Amino acid sequence: MGKGAHLGEFEQLVLLALLRLGDDAYGMSVRRELQDTAGREVTFGTVYGTLDRLEEKGYVSSLSADPEPVRGGRSRRYFQIEPAGEVALSRARDMMDRMWDGVRVARRARGA
Amino acid sequence: MRRPPRLADWLLTRFASRYVRQDVLGDLHEEYLCHVIRERSALGARLWYWRQVLGTVVGYHAIRGPVAEDGLVRSRRTNQQWETPLPLESMLSDVRFGMRQLSRNPGFSLLAVLTLALGISASTVVFSVVNAVVLRPLPFEDVDELVSIRETTPRGDRFSVSEPTFLDWSATQQSFADIAGFTGGGATLIGDGAPESLAGLRISHSFFPLLGIAPIMGRSFSPDEDLPGAQARVVMISEGLWRRRFGGSTDIVGTNLVFDDGGYTLIGVVATETAFPGNDVFVPLRADPESDRSNHELEIIGRLASGVSMTGATADMQRIAAIIGEAHPATNADWGVQLLSLTETRIGPTLSRLGYFLLAAVGLLLLMACVSVSNLLIARATARQQEIGIRAALGAGRTRIGRQLLTESSLLGLFGGVLGVAVAAWAVPLLRTVGANTVPRLETASIDATVLLVSLLVSFAAVVLFGLVPSLHVARGRLFSPLRTGAVSPSSGRGRLRDTLVVAQIALSVLVLVGTGLMVRSFVQLQRVELGLSHDDVLTFGLVIPPSSYDGEARGDFVHALEDSIARLPGVELVGTTMVRPFAGFRPSNFVAPTDRVPDRVEDFTPISWGAVTPGYFAALDIRLQKGVVWDPLAPAANMEEGEQPGIVIDRLLADQLWPGQDAIGQSLVWNQIGGTTARVIGVVATVRDEAVAVDARPRLYWHYRDMPWVRVSVMVRTSVGPETTVPAIREVVGGLDSNMPIFDVSTFDAMLADNVAVPRFTMQVLAGFAMAALLLAAMGIYGVTAFGVQCRTHEIGIRMALGARSGQMVRMLLTRGVSLTILGLILGTAGAAVLAQLVETLLYETATIDAVAFAGAAVMMGSVAVIASWIPARRAARVDPKTALASE
């Protein structure tokens, strides 16, 4: 597996956020999902940087909706995960599961 | 604050990648609104916004890496291709190179950054303070239209306004949209918890609407509630009191608050902390048209009607004053009106001058920091001459190399600026705590958007100042000499430039040192002022004796009983009471005339300051009785209605003024007006200076407290032990006499006195800090020049030493340069200081602007530091073994 196909941890989080959000995945909701569920406070620059990279790899696609006054007349850019993205995500999970198989770590140590 | 910060948006559109800026802007605006609604704090939302914008500008590139302009297949964006290409990617490589250069020489970089941070943090702190205290507009709507209106006496002195006059003005004036009156008040809040004495204001119903202060809850007073004799017992409270005492409860409006004189209905809560700090309760003024016109108690503010100038309004008011003077000649003949902008009256000329003075001083310091860094950069460019020469030989253009040096300077400026602002962000809250209650509005000092913007500009200006000279130097080709090594003459172009910079540094330091010296001298003069009273081991506290429970006679009895009980406490020696404590920042004035020489016109009466005290007051503060006696503490108040003449005590100054060369005891005088109360002098005491340390004493008259039993008093307790240790016992005594009577403003006399000179002390301390920094910077500069000169002449030194020169001779030879630069700097600095000192004349107390000690002190200090700074490298060089020196090439 080449490096290009490998998903970083943050990329995985972003793809999972897209799956969790479904039809409502755009910049702000993704950022908030990362913050509220994953506890990762990031800037929009990071969110878009990652999403753009994933789009280049063909893992996600995006489309612009109608302009909205609450955004100063700008439109939301909705993202959705592509089949290739879902494959990459489940591969990443398999890889982690294989590595975790048979490994035990004290819960305490992780929480500290 | 519904709109996100514009500057942040601009930054984003300018620097974020054009692929995402519209998306990010949309998301940001959307989420910003959520933040504003949820957090209620606009500041929190703005901070969040800024963090997002800055993070996005940097973060997107960090993740994406450099993006090829045509590397993306994204047809939906083709309509945005007109946007300018991003300069950031190309700049980043310059910056990376600069960072490498700076980290190669960490000592130099650290020194430069620290020097800049010193200058920038000092400027930021001083600017944030001056901005809060002097520059920032008062927190009122359209503050430029607000005017303070006062009466003027026939002599032309500004005076407070009487209630009937205020009402006449209100009814007849045509120049103001509205006018409002207010005066000090206050009450003791009883109810849940300990009774609390609160300061406040009595205000006319127009007061808050006129200032543009809307209640955050409830309403302001109605005109009906403001009529004399109105029965409604209504009160408004400050937001601070509401939060502190009532836990910010939202259903408080309409409830009943119990004060010392009964219950009041709370009708509104107002945010007045920045506008009228310290005032917590507001009640209607209810100005009475029948009240005494010679009783001047009100402060009046007006809002100019649109299109009316200050001059026009003054003419209108003078016309009205003349009409009132005709109608009431006994009290108002020849009284006039004076208008001043509210800002001017609230801030005052001294404070503004001090503010500008401090700004100028810190500007000098910043300039010095820039000169220092400039000097460092030139030295480094010299050291890098070979590297630069090689790069030039390999084809790098002059502009390219100059630009690279400027990038490095900008990086230094950036780090210096960030560190400087960080230090300032830490120092400003500290300063707020230290200086609390000393300088008005200091508590509002903060690093806000304005201050940040100014720091940004200052850092930028600093970069231009310190970075441009060396860069131009390079670009002009001074460093493009052939690839030669070895001896460089210190008198070459850059040597001269560095010499000039050092002379400038020394001259600037002398300016700062002289300014500090003058302030110190002036402060010492202030400390030496003879006050005429002794204040060691004196405790003071305030007390309100509510008129609802105590009439005038009862107040006299209460104070007597109180003094009696306190005097019996262990460790207490003497007790006295006064209606206005010394150094209160306010002292009532009036007019008197000897009964046998009453002038025809009130304006020819003698103006005096006055107070009402108990007999024990003079003893407690050790104010010497020079002649006659003081009152019998048990004697009842004089029955003035029956024509009984009260006995009064006057000070030496008034005695000499009214009865020069005669015995004042037994003489009598008329109080306040023709046909007013007459009083008989029974004692003469020493003159005391108790209005402000820097203000000369005015003639003083003391009434017996029983004859003028004011509601609010201050008690002075002289103790034989530490004054503070008696506080619990005193609280117990007061509580024993009346459990609803809190004591407040508990302080030692010494602390009160220190507060009175807090502003000059504050200025002096800040300046002393500047002076130390300036000395340090100048010392670094001169050290650098000598060390550089020595380095250039190592070879020559070696030859001379080998030929038998003694090390003493060598030191002298090497010192010559530093010393002559120092002398030149001292001359220029002293001359400049002599000119600039005229500007601070009004800030000085009994100190000449050309003060010999301050000037000589500055010159000697700077001179010796400079000589030591050049002696160190010279001596080191002169001790070098000739063999080593000769081998240095």
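The values are calculated or read from the model by the stated rules, or taken from the named source; none is laboratory data. Predicted model, so just to flag it, every value in this text is computed and none were measured. So basically every Cβ, Gly included, is an ideal-geometry build from the backbone, and we count neighbours across all protein chains shown. Quick note on the areas: whole protein, heavy atoms, side chains included, nothing else; ligands and nucleic acids left out. Shrake-Rupley method; radii C 1.70, N 1.55, O 1.52, S 1.80 Å.
Residue check, B:Phe591 against (1) at pLDDT 90 or above; (2) more than 19 Å from B:Pro633 (Cα to Cα), all met but one. Which one?
(1)
Somewhere in the stretch B:656-669, is a residue open to solvent by 10 Å² or more (accessible area, probe 1.4 Å), under 42 Å from the mean Cα position of the chain (by Cα) and not polar (S, T, N, Q)?
yes
Run B:Arg319 past the list (1) in contact (Cβ under 8 Å) with a residue 24 or more places away in the chain; (2) out of contact with any strand residue (DSSP E or B) (no Cβ under 9 Å at 6 or more places or on another chain); (3) basic (Lys, Arg) and report the number of the one that doesn't hold.
(1)
Any residue in the stretch A:5-24 that is within 12 Å of another protein chain (Cβ to nearest Cβ), within 26 Å of B:Tyr32 (Cβ to Cβ) and in a helix (DSSP H, G or I)?
yes
The conditions are (1) within 30 Å of B:Val439 (Cα to Cα); (2) at pLDDT below 90, and B:Gly307 fails exactly one of them. Which is it?
(1)
Within the stretch B:539-588, which residues are hydroxyl-bearing (Ser, Thr, Tyr) and touching a residue at least 24 places away in the same chain (Cβ under 8 Å)?
Once the filter is applied, which keeps residues that are hydroxyl-bearing (Ser, Thr, Tyr) and touching a residue at least 24 places away in the same chain (Cβ under 8 Å), the stretch B:539-588 yields B:Thr540, B:Ser548, B:Ser549, B:Ser565, B:Thr577, B:Thr578.
Is there any pair linking a residue in the stretch B:168-181 that is at negative phi to one that is outside any helix (DSSP H, G or I) and of a type in the set (Phe, Trp, Tyr), with Cβ under 9 Å and at least six apart or on different chains, and which?
Within 9 Å, the pairs are B:Trp169/B:Phe176.
For the stretch B:724-807, please list each of the helices (runs of 4 or more DSSP H) lying entirely inside it that holds at least 2 residues being hydrophobic (A, V, I, L, M, F, W, C), under 30 Å from B:Ser870 (Cα atoms) and open to solvent by less than 20 Å² (accessible area, probe 1.4 Å).
Because the criterion is at least 2 residues that are hydrophobic (A, V, I, L, M, F, W, C), under 30 Å from B:Ser870 (Cα atoms) and open to solvent by less than 20 Å² (accessible area, probe 1.4 Å), the helices (runs of 4 or more DSSP H) in the stretch B:724-807 that meet it are B:758-792.
For the stretch A:4-27, name all the residues that are modelled with pLDDT of 90 or more and of a type in the set (Gly, Ala, Ser).
A:Ala17, A:Ala25, A:Gly27
Does the stretch B:256-278 hold any residues that are part of a loop (DSSP other than H, G, I, E, B), in contact (Cβ under 8 Å) with a residue 40 or more places away in the chain and not β-branched (Val, Ile, Thr), and which are they?
Matches in the stretch B:256-278: B:Asp260, B:Asp261, B:Ala271, B:Ala275, B:Phe276, B:Pro277, B:Gly278.
Of everything in the stretch B:43-59, what is within 11 Å of another protein chain (Cβ to nearest Cβ) and either modelled with pLDDT of 75 or more or open to solvent by 20 Å² or more (accessible area, probe 1.4 Å) (or both)? Give them in sequence order.
Passing the criteria: B:Trp48, B:Tyr49, B:Trp50, B:Arg51, B:Gln52, B:Val53, B:Leu54, B:Gly55, B:Thr56, B:Val57, B:Val58.
List the number of the failed condition for A:Pro69; all other conditions in (1) at pLDDT 90 or above; (2) open to solvent by 40 Å² or more (accessible area, probe 1.4 Å); (3) under 30 Å from B:Arg6 (Cβ atoms) hold.
(1)
Hey, can you tell me all the residues within the stretch B:141-171 that are in a loop (DSSP other than H, G, I, E, B) and basic (Lys, Arg)?
B:Arg155
I'd like to know if the stretch A:79-99 contains one or more residues that are of a type in the set (S, T, N, Q), open to solvent by 40 Å² or more (accessible area, probe 1.4 Å) and either under 15 Å from A:Phe10 (Cα atoms) or within 14 Å of another protein chain (Cβ to nearest Cβ) (or both).
The answer is yes, given that some residue of the stretch A:79-99 is of a type in the set (S, T, N, Q), open to solvent by 40 Å² or more (accessible area, probe 1.4 Å) and either under 15 Å from A:Phe10 (Cα atoms) or within 14 Å of another protein chain (Cβ to nearest Cβ) (or both).
Based on what the data block shows, is A:Arg31 within 13 Å of the chain's Cα centre (by Cα), closer than 20 Å to B:Val58 by Cα and outside any helix (DSSP H, G or I)?
The answer is no for A:Arg31.
This table checks each residue for (1) at pLDDT 90 or above; (2) closer than 30 Å to B:Met764 by Cα; (3) touching a Pro at 6+ places or on another chain (Cβ under 9 Å).
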| position | (1), (2), (3) |
| --- | --- |
| B:Gly477 | no, no, no |
| B:Gly486 | no, no, no |
| B:Ser492 | no, no, no |
| B:Arg498 | no, no, yes |
| B:Val502 | no, yes, no |
| B:Val510 | yes, yes, no |
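Given the conditions (1) surrounded by 17 or more Cβ atoms within 10 Å (Cβ to Cβ); (2) touching a Leu at 6+ places or on another chain (Cβ under 9 Å); (3) farther than 24 Å from B:Ile347 by Cα, report the number of the one that B:Ser220 does not fulfil.
(2)
Name the residues in the stretch A:36-69 that are assigned to a helix (DSSP H, G or I), under 18 Å from B:Glu30 (Cα atoms) and more than 8 Å from chain B (Cβ to nearest Cβ), would you?
Correct list: A:Asp36, A:Val47, A:Pro69.
Out of B:Arg303, B:Arg353, which single residue is crowded, with 16+ Cβ neighbours inside 10 Å, in contact with a Leu (Cβ under 8 Å, 6 or more places away or on another chain) and outside any helix (DSSP H, G or I)?
After ruling out the rest, the residue left standing is B:Arg303.
Just to be sure, is B:Pro633 in contact with a helix residue (DSSP H, G or I) (Cβ under 7 Å, 6 or more places away or on another chain) and in a loop (DSSP other than H, G, I, E, B)?
Considered against the rule, which asks whether it is in contact with a helix residue (DSSP H, G or I) (Cβ under 7 Å, 6 or more places away or on another chain) and in a loop (DSSP other than H, G, I, E, B), B:Pro633 comes out as yes.
Quick one: would you say A:Ala17 is hydrophobic (A, V, I, L, M, F, W, C) and touching a residue at least 24 places away in the same chain (Cβ under 8 Å)?
Spelling it out, it is not the case that A:Ala17 is hydrophobic (A, V, I, L, M, F, W, C) and touching a residue at least 24 places away in the same chain (Cβ under 8 Å).
Kindly check whether there is at least one residue in the stretch B:107-116 that is open to solvent by less than 20 Å² (accessible area, probe 1.4 Å) and touching a strand residue (DSSP E or B) at 6+ places or on another chain (Cβ under 7 Å).
Looking through the stretch B:107-116, none of the residues is open to solvent by less than 20 Å² (accessible area, probe 1.4 Å) and touching a strand residue (DSSP E or B) at 6+ places or on another chain (Cβ under 7 Å).
Restricting attention to the stretch B:15-42, and to residues there that are touching a Lys or Arg at 6+ places or on another chain (Cβ under 8 Å) and not in a helix (DSSP H, G or I), which single residue is nearest to the other protein chains (Cβ to nearest Cβ)?
B:Tyr19
Give the number of residues within the stretch B:404-461 that are of a type in the set (Lys, Arg) and touching a Ser or Thr at 6+ places or on another chain (Cβ under 6 Å).
Total meeting the criteria: 0.
With the condition kept exactly as written, say whether any residue in the stretch B:697-717 is within 20 Å of B:Ile608 (Cβ to Cβ) and acidic (Asp, Glu).
Taking every residue of the stretch B:697-717 in turn, at least one turns out to be within 20 Å of B:Ile608 (Cβ to Cβ) and acidic (Asp, Glu).
Considering each residue of the stretch B:582-601, count those that are open to solvent by less than 50 Å² (accessible area, probe 1.4 Å) and in contact with an Asp or Glu (Cβ under 8 Å, 6 or more places away or on another chain), and give that number.
So the count comes out to 4.
Among A:Arg76, A:Arg108, which is at pLDDT below 90 and either buried (at least 21 other Cβ atoms within 10 Å of the Cβ) or acidic (Asp, Glu) (or both)?
A:Arg76
Filter the stretch B:866-880 down to the residues that are touching a residue at least 60 places away in the same chain (Cβ under 8 Å) and open to solvent by 40 Å² or more (accessible area, probe 1.4 Å) and list them by number.
B:Ile868, B:Trp871, B:Ile872, B:Arg875, B:Arg876, B:Arg879, B:Val880
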